[in-house]
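**Q** The structure follows.
The values are calculated or read from the model by the stated rules, or taken from the named source; none is laboratory data. Being a predicted model, the structure only gives us computed values, none of them experimental. Here the Cβ positions follow ideal geometry from the backbone for every residue, glycine too, while neighbour counts run over all protein chains shown. Calculation scope for accessible area: heavy atoms of the full protein, side chains included, ligands and nucleic acids excluded. Shrake-Rupley method; radii C 1.70, N 1.55, O 1.52, S 1.80 Å.
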Amino acid sequence: MKRLIVIPILLLCVLGIRAQMIVTPYMPYDQEGMTVNNARLMENRLAQIINDSGLLSAEGSRFVLTMNWNVVDKEVLGTAPTKVMYRLEAGMYIGDGMTGNKFASTVIPLKGAGNNEAKAIVNSLRELNASRPEIEQLIKKGVQQILAYYESHKREIMTSVKTMMGMHDYEGAMFALYQIPMECSYYQEAQSMLIPAYKGMVNTQAAELLQRARALWAASPSQENAEAVMALVGDIDPSSSSYNAAQSFMKEVKGRVSKLDDQDRAEVFKELAHERSMDKAHMQAVREICLAYAKNQPKVVYNIGSWW
């Protein structure tokens, strides 16, 4: 999984794919008539608004798009079956969820009906989309403030990246670099740091793979174990500093297991080649793969209690 995160980031740098501002959709679950399941559905709605606005929806950003609502009126309709009608005022907010600094907000009147209260609320909120003028203005103000944040925190951000690289936290460093928008004055500087971070990750992973392969072989230098050992060594990136040592070790394994059928060995490398070809195919989904790192981080608790 780590390799799938790292390689597309390098390709991102090489191909000059535009980095996008990352905003996390966040939906509090403690609102009237809202179930946990429907709250998750609304987080998906917020995510769609973020993406449709030209930003990138993902976990782990300090910047959030969130909402709440006030019930203006609730009516039980005398239909068969009975339906509930809600009129709401939906408040939408964008800001820095870490500091609690709200960048912009807007209030949008909505209405919707459903077989129960939760469905009525969800149906009313479906009127929210990125093309609404109120939301367009909200996002525009948020983008301006996000850019201002990156410009004013350059030293802090770049120092943090260098610290992570020094501690061999290359994934964290690359994720931090990936989030810097191309509109920032130090975007090119950040992009140039992706290559050293990539090489550091590749070398670290290669050394770990070689160590595992050697330990596996030392425990059982048998024909049955050889394919597993070769698969580990064969997964070492040719650009890594461990590649030559890995090739020498591969020859040692081959020499010790003369009965390993050439056809079986070919199948092992065929599978490895297919796996690498899949890495290249992932270029089309580079953003999602790069941000897999964020999904593995602890859930962020956002400081937005004063926004409404």
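**Q** Could you list, in sequence order, all residues of the range 146-160 that are open to solvent by less than 80 Å² (accessible area, probe 1.4 Å) and hydroxyl-bearing (Ser, Thr, Tyr)?
**A** Hits for the range 146-160 are TYR149, TYR150, THR159, SER160.
**Q** Any idea which residue in the range 163-180 is surrounded by the most Cβ atoms within 10 Å (Cβ to Cβ), counting only those that are under 14 Å from MET193 (Cα atoms) and free of Cβ contacts under 8 Å to residues at least 12 places away in the same chain?
**A** Checked the range 163-180; the qualifying residue surrounded by the most Cβ atoms within 10 Å (Cβ to Cβ) is ASP169.
**Q** Which residues, counting only those in the range 57-87, are part of a strand (DSSP E or B), crowded, with 21+ Cβ neighbours inside 10 Å and at pLDDT 90 or above?
**A** Step one: list which residues in the range 57-87 are part of a strand (DSSP E or B), which gives 57, 63-77, 83-87.
Within this subset, residues satisfying the condition of being crowded, with 21+ Cβ neighbours inside 10 Å are 57, 63-67, 69, 86.
SER57, PHE63, VAL64, LEU65, THR66, MET67, listed by residue number.
**Q** Please find, within the range 97-126, the residue that is least open to solvent (accessible area, probe 1.4 Å) out of those that are over 27 Å from the mean Cα position of the chain (by Cα) and either farther than 21 Å from VAL72 by Cβ or charged (D, E, K, R) (or both).
**A** It comes out as GLU117.
**Q** To continue, here is another question. May I ask you to verify whether PRO196 is loosely packed, with under 14 Cβ neighbours inside 10 Å and either under 13 Å from TYR170 (Cβ atoms) or in contact with a Lys or Arg (Cβ under 6 Å, 6 or more places away or on another chain) (or both)?
**A** Numbers: loosely packed, with under 14 Cβ neighbours inside 10 Å: yes; either under 13 Å from TYR170 (Cβ atoms) or in contact with a Lys or Arg (Cβ under 6 Å, 6 or more places away or on another chain) (or both): yes.
Yes; evaluated as a whole, the condition is true for this residue.
**Q** Would you check if ARG132 is open to solvent by 80 Å² or more (accessible area, probe 1.4 Å) and farther than 19 Å from ALA176 by Cα?
**A** no
**Q** Among the residues in the range 45-54, are any at pLDDT below 90 and of a type in the set (Asp, Glu)?
**A** No, there is no match, as no residue in the range 45-54 is at pLDDT below 90 and of a type in the set (Asp, Glu).
**Q** What helices (runs of 4 or more DSSP H), lying completely within the range 121-215, carry at least 2 residues that are of a type in the set (Phe, Trp, Tyr) and at negative phi? Can you show your working first?
**A** Numbers: elements: 133-152, 154-166, 170-178, 187-192.
Qualifying helices (runs of 4 or more DSSP H): 133-152, 170-178.
**Q** Here's a follow-up. Kindly indicate the residue of the range 198-256 that is among the β-branched types (Val, Ile, Thr) and under 25 Å from GLY166 (Cα atoms) and also modelled with the highest pLDDT among those meeting that condition. Let's see the steps before the verdict.
**A** The initial filter retains those residues of the range 198-256 that are among the β-branched types (Val, Ile, Thr), namely 202, 204, 229, 233, 236, 253.
From what is left, the residues that are under 25 Å from GLY166 (Cα atoms) are 202, 204, 236.
Details: VAL202: 83, THR204: 91, ILE236: 87.
Ranking the candidates gives THR204 first.
**Q** Just the residues that are surrounded by fewer than 18 Cβ atoms within 10 Å (Cβ to Cβ) and among the hydroxyl-bearing types (Ser, Thr, Tyr), please, taken from the range 204-241.
**A** Hits for the range 204-241 are THR204, SER220, SER222, SER239, SER241.
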